[in-house]
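Just below is one structure, and these are the notes that go with it.
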């Protein structure tokens, strides 16, 4: 991927990002983070590129940042890190990076894999913290 | 016109969410309010003072509403999917108990208030059997 490349890397990614989003928000989208449960890795106001292609062909993996509907509040979408996958139950345990200020699977239980479509892959804002969001930072 | 700026504008907010769950739960909270309802109904029935009786009704309705609130918090915050496996009738138990609390709110029926206490005791047993006293009270439930 583009990590470690010079200036052309981010530019290439940005153009690819724009092209991808033009193609359709079905597989690629941009979201803004609210709340501090993923601090310090993600901070409120961070803007992320998310994609919905990977999980059509494979399961989420521990360490990945995923979006999931809040099982307790309709209409709210959460961003958390996958802590573990229960293959038998087809469910994922989700955790915030800041356990003391996170409402996650410890409260609402494991999330069915079918409810997890989106994976966060890239932070484009703020520019000084832009970069790929590799799992298990 | 589509610009890069508009494309990079987030389409939605995702929550790195925390409702600061304090993790302290105890059905005793609901029980104390339910006991208040029962005692107030008894005091209401024993009094001829119109004003006092009106106050009884008002306060009892507030207490019954608190019972519903405390039961709701236990229901959706304390109890978890694995508890449902152990108690398949958990949802039904809570549904009936909160309905009973509504009944106590609406009426001056002492029997209804006693029945509500029994239902809260059932929930208390579930809470105890799932480790509630050790897990959700600071230093356990006082004896």
| query | In deg cm²/dmol and to the nearest 500, what is the mean residue ellipticity at 222 nm of chain B if only DSSP H runs of at least 4 residues count, each as -39500 (n - 2.57), divided by the residue total? | reply | -21500 deg cm²/dmol
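If you count the DSSP beta bridges with both ends in the protein assembly as shown, what percent of them are antiparallel, to the nearest 5?
85
What does the highest-first list of B:110-119, A:56-65 look like by mean Cβ count within 10 Å? The partial results should precede the final answer.
On the way: B:110-119: 18.2, A:56-65: 14.9.
Put in order of decreasing packing, that is B:110-119, A:56-65.
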| task | Please report, in cubic angstrom per residue, the volume enclosed by the convex hull of the alpha-carbon atoms of the protein assembly as shown. | result | 175
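Could you work out the per residue convex hull volume over the alpha carbons of the stretch B:35-111, in cubic angstrom?
75
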| How far is helix B:28-46 tilted, in degrees, relative to the longest principal axis of the Cα atoms in chain B, given as a value from 0 to 90 rounded to the nearest 10? | 30
| If each of residue B:139 and residue B:89 carries a label point 7 Å out from its Cα toward its Cβ, how far apart are those two points in nm? | 3.7
| query | What number, in percent, do you get for the relative contact order of chain B if the mean sequence gap of Cα pairs under 8 Å and at least 6 apart is divided by its residue count? | reply | 32
| task | Could you state the angle between the C-alpha long axis of helix B:50-73 and the longest principal axis of the C-alpha atoms of chain B, as a value from 0 to 90 degrees rounded to the nearest 10? | result | 40
| Between residue A:83 and residue A:129, 0.36 nm times their residue separation minus their Cα-Cα distance comes to what? | 14.2 nm
| field | Fully extended contour minus Cα-Cα distance, from residue B:102 to residue B:121, at 0.36 nm per residue | value | 5.1 nm
| request: Please give the per residue volume of the convex hull enclosing the alpha carbon atoms of chain B, rounded to a whole number of Å³. | output: 195
| Cβ-Cβ FRET estimate between residue A:12 and residue A:59, R0 fixed at 25 Å, reported to 0.05 | 0.30
| remark: Per 5 angstrom bin, beginning at 0 and ending with the bin that holds the maximum distance, the Cα pairs of the stretch B:26-70 fall in percents of 5, 27, 29, 18, 12, 6, 2, 0
| request: Starting from 0 in steps of 10 Å, tell me what percent of the Cα-Cα pairs of the stretch A:8-132 lands in each bin. | output: 13, 44, 33, 10, 0
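No lab work stands behind these numbers, since they all come straight from the coordinates. Model, not experiment: these values are computed from the prediction. We place every Cβ from the backbone using ideal geometry, glycine too, and count neighbours over all the protein chains shown.
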